[in-house]
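First the structure, in the form of structure tokens, and then the observations on it.
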Amino acid sequence: MVSFLELVKKRYSVRRYSGRPVAREKIERCLEAARMAPSACNAQPWQFIVVDEPGLKEKVARATFGPLAPFNKFSLQAPVLVVAVLEKSNLLAQVGGFLRKKEFNLVDLGIAVEHFALQAVEEGLGACILGWFDEKRVREILGVPSGKRAGLIITLGYPETDEIPEKKRKPVSAFRFYNKYGAQ
């Protein structure tokens, strides 16, 4: 069994997919991992739309890039796209968010999506979480009701290679303080 830290180190934003189909059982386990994510006041403010029908998937993928922003074009290679729809939090979380000036549902969605992506690694899959896309177009294509947001899109599939790219991260000492900001 892989340790959690090893799993995290294996997870990266996959931008090259083999095109091999993904079994729905694997997708369901990723969704189960997302379901288990914590959320403010247990609101679970999310819905997930799994898009694996090729024609529909291509339409959604094409909404993730354009001539001025071609950087998500790789989404066409992914055999599955998962659209994370942002729901409103329950009343208690909404009130708490208003009083604390925090959008808990955005935080909650991020946690759930990362749980999904980590389970994808466990399944031998790769994922990339996209925030840049034509939200209005995605909502139209998938019939997301007005008043609801397509918060993030996850590309999902088997990575083209088993090689894990080197991660460029700050050392812990660059962001860790004990007891007081700026204290080493």
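How large is the charge dipole for the chain, taken about the Cα centre, if only the Cβ atoms of Lys, Arg (+1) and Asp, Glu (-1) carry charge, to the nearest 20 debye? If you can, show how the numbers build up before the last one.
Details: 29 positive and 20 negative charges, 156 e Å.
Taking the Cα centre of the chain as origin, the dipole is about 740 debye.
Near Lys73, which lysines are there with a Cα under 29 Å away, not counting those fewer than 8 places off in the same chain?
Lys73 reaches Lys9, Lys10, Lys26, Lys57, Lys59, Lys136, Lys148, Lys167, Lys168, Lys170.
Could you order Phe175, Phe133, Phe104 so the one with the most accessible surface comes first? Probe is 1.4 Å. Provide the component values of the computation, followed by the final result.
Details: Phe175 120, Phe133 30, Phe104 60 Å².
Per-residue accessible area, sorted high to low, gives Phe175, Phe104, Phe133.
Highest GNM mean-square fluctuation, the chain, Cα pairs closer than 10 Å: which of Gly147, Gly66, Gly131?
The residue with the greatest mean-square fluctuation here is Gly147.
For every helix of n ≥ 4 consecutive DSSP H residues, a contribution of -39,500 (n - 2.57) applies; sum these over the chain, divide by its total residues, and give [θ] at 222 nm rounded to the nearest 500 deg cm²/dmol.
Details: 6 runs with 65 residues, N = 184.
Rounded to the nearest 500, the figure is -10500 deg cm²/dmol.
Applying a 10 Å radius around every beta-carbon, put 176-184, 53-61, 118-126 in order of their mean neighbour count, most first.
Numbers: 176-184: 7.0, 53-61: 15.1, 118-126: 20.4.
For the peptides 176-184, 53-61, 118-126, the packing ranking is 118-126, 53-61, 176-184.
Can you name the helices of the chain, as whole DSSP H runs, whose Cα span along the helix axis is 24 Å or more and whose Kyte-Doolittle mean is not below -1.0? Don't skip to the end; give the middle numbers.
On the way: long enough: 104-122 (27 Å, 0.97).
Helices meeting the span and hydropathy rule in the chain are 104-122.
Ignoring ligands, DNA and RNA, what percent of the 1.4 Å accessible area of the chain is carbon and sulfur? All intermediate terms of the calculation are to be shown ahead of the outcome.
Details: 6420 of 11610 Å².
Its accessible area is 55 percent carbon and sulfur atoms.
Ignoring ligands, DNA and RNA, what accessible area per residue does the chain give at 1.4 Å, in Å²? Present the calculation step by step, with values, prior to reporting the outcome.
Values: 11610 Å² over 184 residues.
On a per-residue basis, 63 Å².
The values are calculated or read from the model by the stated rules, or taken from the named source; none is laboratory data. If you're wondering where the values come from, they're calculated on a predicted model, not measured in any experiment. All Cβ positions, glycine included, derive from the backbone under ideal geometry; neighbour counts span all protein chains shown. For the accessible areas, the whole protein counts, side chains as well, though only heavy atoms, and no ligand, DNA or RNA atoms are used. Shrake-Rupley method; radii C 1.70, N 1.55, O 1.52, S 1.80 Å.
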